[in-house]
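The values are calculated or read from the model by the stated rules, or taken from the named source; none is laboratory data. Values in this document were obtained by computation on a predicted structure and should not be read as measured data. Here the Cβ is made from the backbone with ideal geometry for all residues, glycine too, and neighbour counts use every protein chain on show. Heavy atoms of the whole protein, side chains included, go into the accessibility calculation; ligands, DNA and RNA do not. Shrake-Rupley method; radii C 1.70, N 1.55, O 1.52, S 1.80 Å.
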Amino acid sequence: MRRRENPMGSTMSRRTFLSASAAGVGLAAASPLQLAAQEDKAFFDLVAGPATAPLLGNEGPASAIWAYGGTSPGPVIRVRQGEQARIRLHNNLPQPTSTHWHGIRIDNAMDGVPGLTQEIVPPGGVFDYSFLAPDAGTYWYHTHNKSWEQLARGLYGPLIVEERTPLPVDREMVLVMDDWRLGEDGQIHTESFGSMRDWSHGGRLGNWLTINGVSSPDLMVKNGERLRLRLINCANARIINLRFGDLAPWLIALDGQPLAQAQQIEPSGVLTLAPAQRADLLLDVKLEAGESAPILEASRLEGIAIGKLLSDGAVGAGLAGTDLPTLPPNNLPAPDLSDPLKLKLVMEGGAMGAMRSAVLDGEELSIRELVARGQVWAFNGVAGMTDQPLAEIQRGRSVMLSFENQTGWPHAMHMHGHHFRIIARNGQQFEDGAWRDTELVAANEKVTVAFVADNPGKWLIHCHMLEHQAAGMKTWFEVVG
Ligand code: C2O
Ligand code: CU
């Protein structure tokens, strides 16, 4: 990854984080993100359109991006668990679009998938999204049309579903991570959109990593405070590996769903976030004023600091060091594994893969023909969408789904409308596997998940490495009855 020098300590990022951190005790978001509370019956206007962003900080020109509400990430949309979210999407983009509410067990008509659950929203068009958020947790929203281009241009934002009883912490920070691919001019590298090399390899990887749109931000904290961090990986394809060193935070939720038991991330430990995955952490700040501690991206051995916590004083009666609070579980239906419907998705294709042919639009094509059509990945020998679903499932049926990765690449498998539980990996079974909506399946791995298909409608399953999705790695199932 080519990486420029950080505009670290730029007054801009410093000031932004400082002013937000002055919010003190309570559930304020310490980020330059705007807040959009959903407290009344009115629709919150979410405008998707061209914007500019100071991705290079003081060190270069502003970058032309596409954004929700003029900033990337877009506004933090907060709703309370069990309450109705009402969001009116306005499309001011030069392309059609739609918005998907990632990880929400949503009403199918609100899922935001053009051609499957709604009509696409043309330039100048409007679409009203109105849905119940049944589960508390950290989610996000993003474009679901040409997402390999529209997401890379910046069309995403956090969606926070608050617990009915707030978790007692001093403060909350939403940290949205992305890797942009910028050219020498500091502008989004548009020539490489649609690059077959990216599509057949690991996807579009960027060269400029940001947290909340800022490269290497100083995240202002206070000694003695307990933070809840909500991390979201919005990159098209980059798997982000985080190391927190002595900060040793506690992992309390993955993909919005609380863990049964908080897990401390040891100084040598790594938290992996595949594209679209989220994690909630509790972090007790033990930094005297002026001290700092980096957050490292640890994909390379030495790691690079992608931001740092910087202490500017102490809180009065902070919660650091007190007993850890527990997040109440969401009410997810437990799959019955005595007689589940068994499905499997054999993942094939990509560079250096063994796939010789696949079916595309009902026609068996050789790998050469597939490459010519930009479709180089397949599930069960089929590239791209089909008229018929992978399976038609009776509502309420328990399903056991195996992802068998026969490619040379990792994939972030995402299912719409449901959360699934990880029950086995490479033959090793788990009693207490995590609930997820997106699971990373490494090359040659086999991961089995289980869920109750209780949400009627048409639901996508796809790789969240967006170039893989565009190049064939997607299918759908239907829950009927
Ligand atoms: Cu977050 Cu179908 O995607
Ligand atoms: Cu993939």
> What strands (runs of 3 or more DSSP E), lying completely within region 1-90, carry at least 1 residues that are open to solvent by less than 50 Å² (accessible area, probe 1.4 Å), modelled with pLDDT under 90 and not hydroxyl-bearing (Ser, Thr, Tyr)?
Replying inline: 35-37
>> Given the criteria surrounded by fewer than 21 Cβ atoms within 10 Å (Cβ to Cβ) and away from ligand 2 (no atom under 16 Å from the Cβ), does Gly125 qualify?
In response: yes
>> I need the full set of residues from region 352-386 which are at pLDDT 95 or above, open to solvent by less than 20 Å² (accessible area, probe 1.4 Å) and within 16 Å of ligand 2 (Cβ to nearest atom), in order please.
In response: Ala358, Leu370, Gly374, Val376, Trp377, Ala378, Phe379, Ala383, Gly384
> How about region 405-434: which of its residues are touching a residue at least 24 places away in the same chain (Cβ under 8 Å), of a type in the set (D, E, K, R) and surrounded by fewer than 18 Cβ atoms within 10 Å (Cβ to Cβ)?
Replying inline: Asp432
>> So in region 456-481, with the set limited to residues that are of a type outside the set (A, V, I, L, M, F, W, C), open to solvent by less than 20 Å² (accessible area, probe 1.4 Å) and assigned to a loop (DSSP other than H, G, I, E, B), which one is farthest from ligand 2 (Cβ to nearest atom)?
In response: Gly472
> Considering only region 427-443, how many residues are away from ligand 2 (no atom under 14 Å from the Cβ) and part of a loop (DSSP other than H, G, I, E, B)?
Replying inline: 7
> When you scan region 374-426, how many residues do you find that are away from ligand 1 (no atom under 16 Å from the Cβ), small (Gly, Ala, Ser) and outside any strand (DSSP E or B)?
Replying inline: 5
>> When you scan region 301-313, do you find a residue that is touching a Cys at 6+ places or on another chain (Cβ under 9 Å) and either of a type in the set (A, V, I, L, M, F, W, C) or within 16 Å of ligand 2 (Cβ to nearest atom) (or both), even just one?
In response: no
>> Could you check region 138-187 and list, in sequence order, the residues that are within 16 Å of ligand 2 (Cβ to nearest atom), part of a loop (DSSP other than H, G, I, E, B) and among the polar types (S, T, N, Q)?
In response: none
>> Looking only at region 444-455, filter to residues that are part of a loop (DSSP other than H, G, I, E, B) and either among the aromatic types (Phe, Trp, Tyr) or away from ligand 1 (no atom under 15 Å from the Cβ) (or both); which one of those is modelled with the lowest pLDDT?
In response: Asn444
> Are any of the residues in region 74-94 within 13 Å of ligand 1 (Cβ to nearest atom), in contact (Cβ under 8 Å) with a residue 24 or more places away in the chain, under 29 Å from Gly206 (Cβ atoms) and not hydrophobic (A, V, I, L, M, F, W, C)?
Replying inline: no
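Each row is one residue, and each column tells you yes or no for (1) over 28 Å from Ala354 (Cα atoms); (2) open to solvent by less than 20 Å² (accessible area, probe 1.4 Å).
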site: Asp178; (1), (2): yes, yes
site: Asp185; (1), (2): yes, no
site: Ser195; (1), (2): no, no
site: Gly203; (1), (2): no, yes
site: Gly206; (1), (2): no, yes
site: Arg226; (1), (2): yes, yes
site: Asn241; (1), (2): yes, no
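Yes/no matrix, rows are residues, columns are (1) within 16 Å of Thr138 (Cβ to Cβ); (2) more than 16 Å from ligand 1 (Cβ to nearest atom); (3) at pLDDT 95 or above:
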position: Met220; (1), (2), (3): no, yes, yes
position: Arg226; (1), (2), (3): no, yes, yes
position: Arg238; (1), (2), (3): no, no, yes
position: Leu247; (1), (2), (3): no, yes, yes
position: Leu251; (1), (2), (3): yes, yes, yes
position: Gln263; (1), (2), (3): no, yes, yes
position: Ala274; (1), (2), (3): yes, no, yes
